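Here is the structure we will look at.
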Amino acid sequence: MHEWALAEAVIVSAIEKSRKEGLKEITEIKLKIGELQQMDTGILKFALAEIAKECGELLKDVKTVIVSEPAIFRCRVCGNEWDFGAAGLNDDEGEAVHFAPEVAHVYVRCDSCKSPDFEMIQGRGVLIEHIKGVV
Ligand SMILES: [Zn+2]
């Protein structure tokens with residue numbers, strides 16, 4: 001369900017921006033979603049389109065672009081940074097980490113010094129990269 005809550009928040013931001021900048025129409029909304037964020041982008045796109053429909057003229061032709069931000073880890077011991085794809089997990093482990101990023105520490109080790117003491121510096125959360133419109 002949080003896809004719908006997010007879609008609503010995004011549309012509210014878009015409407016606020018249009019008011020502030022005097023936009024007559026919003027043409028594109030671009031979102032960046034962390035690889036480890038539990039988010040179904042298909043549902044999110046659908047939710048955005050459905051909510052946009054209720055906003056009339058302002059959002060009638062809006063295009064939504066959703067890009068995935070890769071998960072990046074940084075070792076607290078040696079400072080090495082690596083991405084989730086390079087963590088060398090098998091499918092089950094990868095799925096477990098996607099499902100509950102907190103368990104990453106069980107499966108993932110720094111690929112340089114093998115320490116399990118690392119932080120996730122990217123790949124969680126949602127960012128509105130831009131909202132474009134015409135005046
Ligand atoms: Zn390390």
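Name the residues in segment 51-101 that are acidic (Asp, Glu) and either touching a residue at least 12 places away in the same chain (Cβ under 8 Å) or closer than 15 Å to Glu35 by Cβ (or both), would you?
So the first thing to find is which residues in segment 51-101 are acidic (Asp, Glu), and the list is 54, 57, 61, 69, 81, 83, 91-93, 95.
Of everything in segment 51-101, those that are acidic (Asp, Glu) and either touching a residue at least 12 places away in the same chain (Cβ under 8 Å) or closer than 15 Å to Glu35 by Cβ (or both) turn out to be Glu57, Asp61, Glu69, Glu81, Asp83, Glu93, Glu95.
In segment 23-36, what residues are loosely packed, with under 15 Cβ neighbours inside 10 Å and outside any strand (DSSP E or B)? Correct list: Lys24 only.
Somewhere in segment 92-104, is a residue outside the structural domain of Gly42 (by TED's automatic domain parsing), at pLDDT 85 or above and not aromatic (Phe, Trp, Tyr)?
From segment 92-104, those outside the structural domain of Gly42 (by TED's automatic domain parsing) are 92-104; that's our starting set.
Next, from what is left, pick out any that are at pLDDT 85 or above: 92-93.
Within this subset, residues satisfying the condition of being not aromatic (Phe, Trp, Tyr) are 92-93.
Within segment 92-104, one or more residues are outside the structural domain of Gly42 (by TED's automatic domain parsing), at pLDDT 85 or above and not aromatic (Phe, Trp, Tyr).
Among the conditions (1) touching a residue at least 40 places away in the same chain (Cβ under 8 Å); (2) in contact with a Leu (Cβ under 7 Å, 6 or more places away or on another chain), the only one that Thr27 does not satisfy is (2).
The values are calculated or read from the model by the stated rules, or taken from the named source; none is laboratory data. Quick caveat: nothing in here was measured; it's all calculated off a predicted structure. Every residue, glycine among them, receives a Cβ derived from its backbone with ideal geometry; neighbour counts consider all protein chains shown.
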